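Reading through the structure tokens given below for one structure.
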Amino acid sequence: MAGRSGATGRQPDPVAGPVAPPGPRGASDEYAGTDRLSDEQELLVGTDTIEGDDESSFIVLARQTCFNLLATRDVGRVAFTIEGDAAPTVLPVNYAMVDEGIVFRSALAGAIMRHARGYAAFQVDSLDEERHEGWSVLASGRCEWVRGTEELSRIPQGRLPQPWAEGVRDQVLRITPGRLSGRQIHQH
């Protein structure tokens, strides 16, 4: 594809020249906020249980529980579509939760920066394959480039995630979850 380079070893198309990030795609404005649970409150307050067999239960997690679980991890997957591709692209990122927003870094010419702005999905989970237990949270919403000095200064010092991958990732993106869902399976 024109303009792709990097790990694949492809060079930019000399006819097309460098590719600038596209403008953001539109997204729904249904972004309801919630309050964070206190330390004393149960993690799974407000959940629905769906009974499976006698040995396991499947729980649909409340919105605030999903936010709490997102805050317990630092690696997740961002999913977005590249125009013309038949399937979404899903890439791992280091992230941090800042004011109910999922904040992560990207390279200016990276695929996430070029294609995820506007609308993206984000998934994080914790699974125990041996015990067949775990949880998964899926968030989707507006994905914005955080680039103004004032916007960046609102992120508390030291809260920007440090990418594991080598290379310069100095651009900051934030997904504001509009839809947020989570599931947990537990063995008795």
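Using only alpha carbon positions, build the gyration tensor of the range 60-188, then give the equivalent ellipsoid semi-axes as the square roots of 5 times its eigenvalues, largest first, whole angstrom.
Working: eigenvalues 125, 60, 40 Å².
The equivalent ellipsoid of the range 60-188 has semi-axes of 25, 17, 14 Å.
Using 0.36 nm per residue of separation minus the Cα-Cα distance, give me the extension gain between His188 and Leu108 in nm, one decimal.
Numbers: separation 80, 0.36 × 80 = 28.80 nm, distance 4.73 nm.
Going from the current span to full extension adds 24.1 nm.
How much length is gained on full extension from Asp170 to Leu91, taking 0.36 nm per residue of separation minus their Cα-Cα distance?
Numbers: separation 79, 0.36 × 79 = 28.44 nm, distance 1.71 nm.
Working it through step by step, the gained length comes to 26.7 nm.
Within the range 135-176, whose backbone N sits under 13 Å from a point 7 Å along Cα→Cβ of Asp74?
From the range 135-176, the list is 158-165.
I'd like the projected area of the range 146-188, averaged over all directions, using the convex hull of its alpha carbons. Report it in nm² with one decimal.
On the way: hull surface 23.4 nm².
For the range 146-188, the mean projected area of the Cα convex hull comes to 5.8 nm².
What are the principal axis extents of the Cα atoms in the range 100-153, in Å, biggest first?
46, 24, 18
Within 10 Å of each candidate Cβ there may be at most 10 other Cβ atoms; applying that plus a DSSP loop requirement, which GluC sites (Glu not before Pro) in the range 114-176 survive? Walk me through the numbers on the way to the answer.
Numbers: sites: Glu129, Glu130, Glu133, Glu144, Glu150, Glu151, Glu166; in loops: Glu129, Glu130, Glu166.
Of the GluC sites (Glu not before Pro), the ones in loops of the range 114-176 whose Cβ has at most 10 other Cβ atoms within 10 Å are Glu129, Glu130, Glu166.
A short reminder: the numbers here are calculations on the coordinates, not readings from a lab. Please read these numbers as outputs of a predicted model, since none were measured by experiment. Positions of Cβ are generated from backbone atoms using ideal geometry, with glycine treated the same way; all protein chains shown enter the neighbour counts.
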